[in-house]
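The values are calculated or read from the model by the stated rules, or taken from the named source; none is laboratory data. Here the structure is a predicted model, which is why all the values come from computation and not from measurement. Using ideal geometry, Cβ is built from the backbone for each residue, glycine included, and neighbour counts are taken over all protein chains shown. Heads up: the accessible areas ignore ligands, DNA and RNA and are worked out on the full protein's heavy atoms, side chains in. Shrake-Rupley method; radii C 1.70, N 1.55, O 1.52, S 1.80 Å.
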Amino acid sequence: MPRGLILGIETSCDETAAAVVDRGARTLSSVVASQIATHARYGGVVPELASREHLRAIVPVVRAALAEAGVTLADLDAIAVTSGPGLAGALLVGITYAKALAYANNLPLIAVNHLEGHIHAVLLQERESARESDRESQRECAQSASAPPDAPSLALVVSGGHTHLFLARPANGIWSYTLIGRTVDDAAGEAFDKVAKLLGLGYPGGPWIDALAKFGNPRAVPFSFAQIKTKAHLGGKPAPTKAAKTAPIARLDPRFLFSFSGIKTAVLRYVELHGLRDEAKARASRLFPVAPSFSEFSALARKKGAPGLDFETWDSTHLNPSSAAAPSSSESASSDSERVGDHGPEPPLHPPQSREEALALCPQPTLDLIASFQHAVIGDLMKKTFAAAEAQHVTRILVTGGVAANSELRARFTAEAAQRGLQIAFPTLALSTDNAAMIAAAAWPRFLSQDFAKPDLTADPSLALS
Ligand code: KG4
Ligand code: ZN
């Protein structure tokens, strides 16, 4: 019987991550190299820069994960890698490296869907809790383990690239997924990021909005979500957006479809109508004095060129527990995760900013706008998730992905689930955002059923999970 050690590799977007997980239940190491400092200066992920940063980080990150776990490649039973959905060039870096490692070490390779990884982040967390010996963890575990082992769960995967509802069902250890709902345009995290950018806050926007929303009135601006009419709206075709590509919508119940592009436009209109644009610009230039705009990017990229692949000079001194652009509030998601910071030769264009600095630059009406935006987005996520849970007769809800780190989301989903007598589970904050432990955990059932990737495995940027 193999020991069950799987090395997971994740490079689907802007985090280079590697982790060693034992039998899908015990994390021996989880290393995440965040590219936030690289992309923050452009207000969003620049795919070419993401691929370049993955190339620079992949070898040292994998080495760090093996070293931290106290294992060598010879101790592993398999290598798992994210094969999609995500950015094509970014995915290819992880896949190519994982393939080479697997081939050279005669190990099986397991392809994992990134969305399935996010779902397994919750399951991994539950198994980790089950092993904790202190009483509190035992109680939490007992709470979430009370559903029969093969009972289906409703999983809300809500991140910067995805807002999907799946019915997730285990049968003899093998998980299957049915798509119940999803966004027809932007993902919820994308709306957080775009609204934060519009308001002159940092990237990624979720942690900034989360931190500042606590100081505003969530009912000050009455944002609303219209019922989506799929067929009339899109003629039954997939919407031409990044977030909507991963599954067709024509046969989904419109009650479980999301749309977050409208609220982004509503915030923009509010900003213009209330003359908040100059205030946002002034805030951005105070918080990020030298950040170039997106339009300046190509000239900048041409001027700087790609730096060399300095694997050998990269060492543990590049480990950085927090990201450069996220607020340094103790509640922020990124402060909880182990991250490898900006490790390139270019220093970040701006120093880390604190929640207090941003707060001082936000008048009360702006804080009210931020709180109202967050409240409305979470209200919409709740309404549709709980309606889907009722329609599917499930008693357990899993909420995962970067936006699942949001403090208001956790509090409101938890309270609503308690009121309805439903179980609810979230990953830890570190497992909510992209990481490789979730990829290694999702690979374990595939390892047991010998579901290995073929040698011609390649990146699938629109890979669906169903
Ligand atoms: O799962 P993730 O790391 O990457 C994707 O698969 O997209 O999610 C990143 C997204 C970003 O849009 C970020 O703004 C959002 O998660 N996010 C949050 C919070 N922390 C991260 N959104 C709301 N509140 C947060 N605390
Ligand atoms: Zn993700």
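Scan segment 88-99 and tell me whether some residue there is away from ligand 2 (no atom under 16 Å from the Cβ), without any contact (Cβ under 8 Å) to a residue 12 or more places away in the chain and under 22 Å from Pro455 (Cα atoms).
Checked against the condition, which is being away from ligand 2 (no atom under 16 Å from the Cβ), without any contact (Cβ under 8 Å) to a residue 12 or more places away in the chain and under 22 Å from Pro455 (Cα atoms), segment 88-99 yields at least one hit.
What are the residues in segment 96-115 that are surrounded by fewer than 24 Cβ atoms within 10 Å (Cβ to Cβ) and either among the acidic types (Asp, Glu) or part of a helix (DSSP H, G or I) (or both), if any?
Of everything in segment 96-115, those that are surrounded by fewer than 24 Cβ atoms within 10 Å (Cβ to Cβ) and either among the acidic types (Asp, Glu) or part of a helix (DSSP H, G or I) (or both) turn out to be Thr96, Tyr97, Lys99, Ala100, Leu101, Tyr103, Ala104.
Take the residues of segment 402-442 that are of a type outside the set (S, T, N, Q) and outside any helix (DSSP H, G or I): which is surrounded by the most Cβ atoms within 10 Å (Cβ to Cβ)?
Looking at residues that are of a type outside the set (S, T, N, Q) and outside any helix (DSSP H, G or I), I get Ala436.
Sort through Gln392, Gln419, Gln364 and tell me the only one that's without any contact (Cβ under 8 Å) to a residue 12 or more places away in the chain and over 29 Å from Ser29 (Cα atoms).
Gln419
Open to solvent by less than 20 Å² (accessible area, probe 1.4 Å), outside any helix (DSSP H, G or I) and at pLDDT 95 or above: is that true of Val81 in this structure?
The answer is yes for Val81.
Report, by residue number, each residue of segment 60-75 that is out of contact with any strand residue (DSSP E or B) (no Cβ under 7 Å at 6 or more places or on another chain) and open to solvent by less than 20 Å² (accessible area, probe 1.4 Å).
Scanning segment 60-75 gives a single hit, Pro60.
When you go through (1) closer than 13 Å to Ser462 by Cα; (2) open to solvent by less than 10 Å² (accessible area, probe 1.4 Å) one by one for Ala88, which number turns out not to apply?
Result: Ala88 passes all but (2).
Are any residues in segment 395-416 within 13 Å of Thr385 (Cβ to Cβ) and touching a residue at least 24 places away in the same chain (Cβ under 8 Å), and if so, which ones?
Arg396, Ile397, Leu398, Val399, Thr400, Gly401, Val403, Ala404, Leu409, Arg412, Phe413, Glu416
Would you check if Glu408 is closer than 20 Å to Val195 by Cβ, away from ligand 2 (no atom under 16 Å from the Cβ) and either at pLDDT below 95 or among the acidic types (Asp, Glu) (or both)?
Answer is yes for this residue.
I'm told Gly379 meets every condition in (1) of a type outside the set (Phe, Trp, Tyr); (2) part of a helix (DSSP H, G or I); (3) more than 27 Å from Val221 (Cβ to Cβ) except one. Can you identify the failing condition by its number?
Exception for Gly379: condition (3).
Kindly evaluate Leu359 against the criterion of being closer than 25 Å to Leu212 by Cα, in a helix (DSSP H, G or I), modelled with pLDDT under 95 and open to solvent by less than 50 Å² (accessible area, probe 1.4 Å).
yes
I want to confirm something. Restricting to segment 1-50 and keeping residues that are acidic (Asp, Glu) and away from ligand 1 (no atom under 12 Å from the Cβ), which single residue is modelled with the lowest pLDDT?
Ranking the candidates gives Glu48 first.
Filtering segment 172-196 down to residues that are under 30 Å from Ser449 (Cβ atoms) and among the β-branched types (Val, Ile, Thr), which residue is farthest from the chain's Cα centre (by Cα)?
Ile174
When only residues in segment 83-108 that are within 15 Å of ligand 1 (Cβ to nearest atom) and either among the aromatic types (Phe, Trp, Tyr) or within 16 Å of Val59 (Cβ to Cβ) (or both) count, which is nearest to the chain's Cα centre (by Cα)?
Result: Ala90.
If you check Arg269, Arg255, Arg283, which single one turns out to be at pLDDT 75 or above, open to solvent by less than 40 Å² (accessible area, probe 1.4 Å), away from ligand 1 (no atom under 16 Å from the Cβ) and not in a loop (DSSP other than H, G, I, E, B)?
Only one candidate passes the filter, namely Arg283.
Among Val21, Val81, Val61, Val31, which is within 16 Å of ligand 2 (Cβ to nearest atom) and hydrophobic (A, V, I, L, M, F, W, C)?
Only one candidate passes the filter, namely Val81.
What number of residues in segment 187-218 are in contact (Cβ under 8 Å) with a residue 24 or more places away in the chain and either at positive phi or among the hydrophobic types (A, V, I, L, M, F, W, C) (or both)?
Matching residues across segment 187-218 total 15.
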